[in-house]
Amino acid sequence: MTVPAIRVRHLWHRFGNVDVLRDVSFEVGQGEIFGFIGPNGAGKTTTIRIMTTLLDPMAGRVEIDGIDVAIDPDRVRKIIGYMPDHAGVYERITVREYLEFFADAYAVPTVGIVDAVIELTDLGNLQDRLVVALSKGMKQRLGLARILLHDPKVLILDEPASDLDPRARIEIRDLLLELRELGKTIFLSSHILTELSDVCTSIGILERGQLVVAGPIGEIAERLEAQRRAQAVGLAEGDVPPPPSQSFAPPVAAPLETPGPDPAAFAGAAPTGAYFPAQPADVMTTAGGADIPLAARKRLKLRVLGDSRGVVPLLAGGTGVLGVEPGPGGLLGVAYTGDDRFVADVVRHLVASGVGVVGVEAERNELERIFLEVTRGDLQ
């Protein structure tokens with residue numbers, strides 16, 4: 001049986017008379033990117049400080065790769081890389097000198113390791129530049145390079161995208177994805193839910209020191225959807241709610257007056273040349289062996305000219321389409337799995353079929369939806 005990269009069991013901690021952590025338990029599998037989410041004061045940083053051996057828990061147990069952080073902190077420090085929020089840097093030396101200094105501190109071979117880390121983090125053009133001259137995004141990248149010098153198995157990052165501009169956030173996100181492919185397990189604390197949703201395989205949401213939900217994003221979304229359906233139809237406890245597909249059963253609609261492709265062509269697998277991309281497998285495996293959903297369920301709002309019910313046959317049954325729901329005023333809701341290319345292909349297909357598309361809007365990010373649904377906005 002594979003040992004979890006991180007295991008937290010019944011963790012408690014108190015500052016003064018305030019319990020900042022109350023019976024927190026969760027696991028992070030090998031090779032996952034785990035998003036740790038919560039408002040300010042929820043207890044995220046306290047949890048991270050305990051995980052990184054900087055703070056002893058008052059009760060409970062934390063293990064990193066099977067090693068208890070309180071019993072053998074030295075071994076834990078050898079297998080983790082920790083980057084705190086707003087980590088300080090030595091500014092009056094060059095990027096290479098900075099990394100060589102920490103390589104010596106970690107007692108690792110200087111030249112080969114530093115060269116490899118500089119290449120991985122794309123700092124080659126900046127290696128002779130003074131650290132003080134780097135942008136905030138480059139300093140964050142340098143911080144990641146520093147914690148990679150001793151090749152840790154588990155990376156623990158506290159708000160790595162804090163205060164970064166959009167381009168720097170994208171670059172950090174891409175670097176995290178590359179590190180995951182190299183087999184690293186990444187524990188990531190952040191307030192930027194849209195960025196987390198692009199990289200995380202699992203999440204944990206903390207509020208007022210208590211863990212309110214944890215697990216793969218797709219599974220959490222499905223559980224919440226089942227609860228909503230059960231509440232909507234007034235099911236008794238123990239009854240089985242209807243499957244998700246029934247929520248988006250397409251109504252019978254008259255065909256469009258403008259000639260278009262035969263809707264039957266989109267049933268089942270998409271034929272060659274279809275406008276919808278082939279639907280990928282439901283599950284991917286990270287380099288570390290953790291199963292992750294390829295994409296959480298998403299929703300797209302379209303606005304078309306005329307009656308939106310006439311557009312339903314052009315989309316229902318298409319590969320990647322989970323359901324199509326017409327609305328008043330030309331509004332159309334589409335539940336789907338896919339990325340931005342899928343959205344572009346849907347719009348292109350509708351336009352080619354003679355449909356006047358006047359608005360396209362992605363509904364709230366799935367992770368944002370989960371966060372708002374399971375938290376109440378309470379502060380400590």
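The values are calculated or read from the model by the stated rules, or taken from the named source; none is laboratory data. What you see is a predicted model; the values in this text were computed from it and never measured. In this analysis, Cβ positions are derived from the backbone assuming ideal geometry, glycine residues included, and neighbour counts consider all displayed protein chains. Surface accessibility is based on the protein's heavy atoms, side chains included, excluding ligands, DNA and RNA. Shrake-Rupley method; radii C 1.70, N 1.55, O 1.52, S 1.80 Å.
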Legend entry - Residue list for the stretch 157-170, filter: within 15 Å of the chain's Cα centre (by Cα) and buried (at least 17 other Cβ atoms within 10 Å of the Cβ): Leu157, Asp158, Glu159, Pro160, Ala161, Arg169
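Could you tell me which of the residues Val108, Val117, Val62 is among the β-branched types (Val, Ile, Thr), touching a Leu at 6+ places or on another chain (Cβ under 9 Å) and surrounded by fewer than 17 Cβ atoms within 10 Å (Cβ to Cβ)? Working first, answer last.
Values: Val117 fails: surrounded by fewer than 17 Cβ atoms within 10 Å (Cβ to Cβ); Val62 fails: surrounded by fewer than 17 Cβ atoms within 10 Å (Cβ to Cβ).
None of the other options fit; the residue is Val108.
Report whether or not Ala161 is aliphatic (A, V, I, L, M), in contact with an Asp or Glu (Cβ under 8 Å, 6 or more places away or on another chain) and not in a helix (DSSP H, G or I).
Numbers: aliphatic (A, V, I, L, M): yes; in contact with an Asp or Glu (Cβ under 8 Å, 6 or more places away or on another chain): yes; not in a helix (DSSP H, G or I): yes.
Taking the combined requirement at face value, the residue satisfies it.
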Legend entry - Condition check for Gly88: of a type outside the set (Phe, Trp, Tyr) and closer than 20 Å to Thr45 by Cβ: yes
Legend entry - Residue count for the stretch 322-340, restricted to those that are open to solvent by less than 50 Å² (accessible area, probe 1.4 Å), farther than 12 Å from Val312 by Cβ and more than 24 Å from the chain's Cα centre (by Cα): 1
Legend entry - Close pairs (6 angstrom Cβ cut-off, 6 or more residues apart or separate chains): closer than 21 Å to Leu182 by Cβ in the stretch 118-139, surrounded by fewer than 15 Cβ atoms within 10 Å (Cβ to Cβ) anywhere: Ile118/Gly124
Legend entry - Matching residues in the stretch 1-32 - criterion: being of a type in the set (Phe, Trp, Tyr) and under 20 Å from the mean Cα position of the chain (by Cα): Phe26
Legend entry - Verdict on Asp56 being modelled with pLDDT under 95 and open to solvent by less than 50 Å² (accessible area, probe 1.4 Å): no
Inset, instruction - Filter the stretch 136-153 down to the residues that are assigned to a helix (DSSP H, G or I) and either of a type in the set (Ser, Thr, Tyr) or touching an Asp or Glu at 6+ places or on another chain (Cβ under 8 Å) (or both), then identify the one that is surrounded by the fewest Cβ atoms within 10 Å (Cβ to Cβ). - result: Lys136
